[in-house]
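Values quoted throughout were computed directly from the atomic coordinates according to the rules given, and no laboratory measurement underlies them. Everything numeric here is computed off the predicted structure, so don't read it as measured data. Cβ placement follows ideal geometry from the backbone for every residue including glycine, while neighbour counts extend to all protein chains displayed.
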Amino acid sequence: MNPVVHFEMPYEEKERLVQFYTQVFGWDMNYLGKEMGEYVVASTTETDENHMPIKSGAIGGGFYPNSPDMPKSPSVVIAVEDINAAIKRVTNAGGKILGQTVEIPSIGQYVAIIDSEGNRVGMLQPFEM
């Protein structure tokens, strides 16, 4: 089985977003900057030295700036052992690949897909797998 390892949601105002999730849930929010697409990483649970959740079943997430070419609703990222094989399975099952596979520094290979029902989902081949 391939586990859900991350969630993603859009934001309108970075400072408001960070204040909300810090105040309400106590999450650590880290801004990655322009070079990483204005992404904000949310640590939702205690992590180890590699920034991986210590608690089994817990995941972290991230927020991206709202834009016309990005989804307006939450989505999940699913870990796969072989991203190229997973891409073939997606297309064979009637899904679509959005763009090219990209490397996320120190994390792994990532690509977004559209599933058979029109949902946007991320796939990640972590470097550790």
Point to revise | Dipole in debye (nearest 20) - the stretch 6-70, about Cα centre, beta carbon charges: Lys, Arg +1; Asp, Glu -1 | key: 140
**Study point:** Residue-averaged 222 nm ellipticity for the chain, from DSSP H runs of 4+ at -39500 (n - 2.57), nearest 500
**Key:** -5000 deg cm²/dmol
Exercise for review: Any chance you could give the angle, 0 to 90 degrees and rounded to 10, that helix 83-92 forms with the longest Cα principal axis of the chain?
Suggested key: 60
Exercise for review: Return the single residue from Ile114, Ile54, Ile78 with maximal mean-square fluctuation; model: Gaussian network over the chain, springs between Cα atoms under 10 Å.
Suggested key: Ile54
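Place a +1 charge on the Cβ of each Lys and Arg in the chain and a -1 charge on the Cβ of each Asp and Glu, then give the dipole magnitude about the Cα centre in debye, rounded to the nearest 20.
Details: 9 positive and 17 negative charges, 84 e Å.
Dipole size: approximately 400 debye.
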Study note, to complete from the structure: Farthest towards the positive end of the dipole of the chain, among Asn92, Pro3, Tyr64 and with Cβ unit charges of +1 on Lys and Arg and -1 on Asp and Glu, lies the Cα of Asn92
Review point. Can you give the % of DSSP beta bridges in the stretch 1-128 that are antiparallel, to the nearest 5?
Key: 75
Revision key, fill the gap. In degrees, nearest 10, the alpha-carbon axis of helix 14-25 is tilted away from the dominant principal axis of the alpha carbons of the chain by 80
Practice item. Work out the FRET efficiency for Ala93 and Met52 from their Cβ-Cβ distance, taking R0 = 35 Å, and round it to the nearest 0.05. Key: 0.75
